[in-house]
Amino acid sequence: MLEMNIMQTRELFKRKEITAVELTRFYLNRIKRYDGELQTYLRLTEEQAIEMAQDADRRIAKGEDRQLLGIPFGMKDIFCTKGIETTCASQILKGFVPPYDATVVKKLKEEHFVHLGKLNMDEFAMGSSTENSSFQTTKNPWDLTRIPGGSSGGSASAVAAGLCAASLGTDTGGSIRQPAGLCGVVGMKPTYGRVSRYGLIAFASSLDQIGPITRSVTDCAVVLNAIAGYDPMDSTSIPQPVPNYVEYLGRDIKGMKVGIPKEYFIEGMEQDVKKAMEDAILLFEKNGAVVVDITLPHTEYAVATYYIICTAEASSNLARYDGVKYGLRAEGKDIIDMYKKTRLKGFGREVKRRIILGTYVLSSGYYEAYYRKAGKVRTLIRRDFDEAFQECDIMVTPVSPTTAFRIGEKVEDPLTMYLSDIFTIPINLAGLPAMSIPCGFDSAGLPIGLQIIGRPLDEARMLQAAYVFETEKNVKKIPDRFKTDD
């Protein structure tokens with residue numbers, strides 16, 4: 001079951017070789033067996049999952065056929081889920097039960113998927129290692145002493161260990177692609193506006209984007225088919241038709257121009273990562289792609305620009321958590337004291353750090369010097385990509401300069417932690433689509449991720465190239481220790 005993609009699983013349903021209830025129990029049993037050591041789920045929705053699977057079986061018996069019918073998902077704990085506690089891995093939202101579903105959850109329900117539970121993450125999606133969760137530290141399935149990446153670390157780890165068939169994550173500066181790369185799975189950040197953000201608990205509204213995390217490129221295309229599209233409930237949603245992404249899988253890449261940005265091959269990159277990138281470029285050439293050297297000259301300013309914009313937007317978005325309407329409330333002698341005590345107790349260190357930074361760059365006398373200037377640099381970064389895409393169809397880079405680091409290694413050094421997203425951040429600033437696919441392992445057996453970057457709304461071409469690469473490379477999907485089910 002773990003080696004099968006979603007389309008193959010649907011065929012088993014049709015042939016009555018397995019039921020949705022059996023598949024759901026298969027995953028629930030694996031969660032009970034393995035999640036004690038991995039710590040990927042914050043809460044299981046076991047009863048609801050069985051009910052959804054029973055409903056899926058009734059629909060399958062009637063001949064219904066939908067892309068995700070009966071497929072068990074895990075959900076990052078950042079999406080509003082009606083009737084299910086949603087905390088963003090923060091104490092300040094403990095006990096918050098949304099009265100409605102996020103649009104992506106609603107779309108998955110229309111497909112009659114099965115919801116297994118809510119997955120761990122960095123608090124309010126602020127982090128690159130899932131160590132900033134208020135509740136638990138998720139482990140990397142390839143080495144339990146290492147981080148799974150972040151902020152969608154629970155989602156990537158659960159998919160990699162076979163604790164769900166697929167999951168949804170969010171990507172503000174690399175939070176889908178970086179954990180996908182470090183856990184050896186496929187993760188995509190679609191074009192900004194391609195997938196509705198309605199019901200997503202916001203971190204940085206101009207950067208956040210929802211996307212799939214799966215074990216194969218095929219599954220990524222299937223899930224994207226289900227969640228992409230215009231939503232009038234989201235003012236940033238793009239009113240453009242959505243192609244059938246699955247139709248692009250299996251097409252050759254002869255003549256496709258693959259850009260290699262020189263700024264992404266830097267000092268300090270691990271030798272194993274560099275070698276994997278060189279091998280990947282050769283594989284694209286072998287399959288008929290044309291490799292071209294390109295330049296993105298403003299890349300060096302991306303991290304600084306990102307941490308001004310994202311902290312400013314976080315400061316604004318997180319002002320709503322005041323202990324009045326929902327979540328944690330600490331008692332105080334007056335309303336101002338109550339605000340202070342609630343936020344002091346409810347937010348973790350990294351969230352407080354970013355709120356302080358964001359409030360500073362938005363404050364009187366500093367707005368022009370920081371936030372407005374960062375917006376101008378962001379425009380220059382976007383123009384770099386626009387010009388480079390006149391010479392190529394896709395770009396290929398590493399996802400991360402290193403493989404997964406050890407738990408606790410960078411907790412006391414926020415700046416070093418921030419730099420682990422150096423190759424993913426510029427894509428969010430430019431609003432482009434990008435994805436991570438497994439491209440091998442380092443000498444310690446840790447996964448290495450390859451990043452494919454596309455033009456705006458050109459996810460189909462990225463998937464086309466990724467499918468060719470995945471088919472040729474055939475990288476191992478599940479760590480050996482998580483393959484047994486006895």
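Brief remarks follow.
- Hydrodynamic radius by Kirkwood, which averages 1/r over all alpha carbon pairs of the stretch 299-377, in angstrom: 13.6 Å
- Highest mean packing comes first when the peptides 149-158, 112-121 are listed by Cβ atoms within 10 Å, giving 149-158, 112-121.
- Here the stretch 248-309 is treated as an ellipsoid with the same Cα gyration tensor; its semi-axes, largest first and in whole Å, are 27, 16, 11.
- Over all other residues within a Cβ to Cβ distance under 14 Å of LEU357, the charged ones net out to +2, with Lys and Arg as +1 and Asp and Glu as -1.
- Relative exposure of SER133, SER175, SER235, SER316, judged by other C-beta atoms within 10 Å (fewest first): SER235, SER316, SER133, SER175
- Computed from the C-beta positions of GLU11 and ASP234, the FRET efficiency with R₀ = 25 Å rounds to 0.15.
- Considering only the chain, percent of DSSP beta bridges that pair antiparallel, nearest 5: 65 percent
- All Cα pairs of the stretch 47-198, percent lying beyond 24 Å: 31 percent
- Distance from the stretch 333-388 to the stretch 194-232 (C-alpha centre basis), Å: 24 Å
- Residues GLU285 and ALA444, FRET efficiency given R0 of 35 Å [Cβ-Cβ distance, rounded to 0.05]: 0.80
- Straight-distance candidates among the lysines for linking to LYS352, with alpha-carbon spacing under 27 Å and chain neighbours fewer than 8 residues away dropped: LYS76, LYS94, LYS118, LYS139, LYS189, LYS325, LYS333, LYS340, LYS341, LYS373, LYS376, LYS410.
- Arranged from fewest to most other beta-carbon atoms within 10 Å of their beta carbon, CYS220, CYS80 become CYS80, CYS220.
- Taking other residues whose beta carbon is less than 10 angstrom from the beta carbon of GLY288, and scoring Lys, Arg as +1 and Asp, Glu as -1, yields 0.
- Positive minus negative residues near ILE425 (Lys, Arg vs Asp, Glu; Cβ under 15 Å): -2
- Within the chain, longest stretch clear of exposed GluC sites (Glu not before Pro) (DSSP loop, no more than 10 other Cβ within 10 Å): 18-266
- A P(r) calculated from all alpha carbon pairs of the stretch 1-125, with 5 Å bins opening at zero, reads 2, 11, 20, 22, 19, 14, 8, 3, 1, 0 percent.
- Potential extension, ARG383-GLN48 segment - 0.36 nm per residue separation minus Cα distance: 115.9 nm
- Kirkwood radius for the stretch 427-486, taken over all pairs of different Cα atoms as the inverse mean of 1/r, rounds to 13.3 Å.
- In the distance distribution for the stretch 144-198, Cα-Cα pairs more than 16 Å apart total 36 percent.
- P(r) weight above 12 Å for the stretch 352-401, C-alpha pairs, percent: 73 percent
- In terms of surrounding Cβ atoms within a 10 Å radius of their Cβ, VAL258, VAL217, VAL159 rank from fewest to most as VAL258, VAL217, VAL159.
Read-outs throughout are calculated quantities, based only on the coordinates presented, and are distinct from any laboratory measurement. Just so it is clear, the model here is predicted, and its values are computed rather than measured. Reconstructed Cβ throughout: ideal geometry from the backbone, glycine too, with neighbour counts over all protein chains shown.
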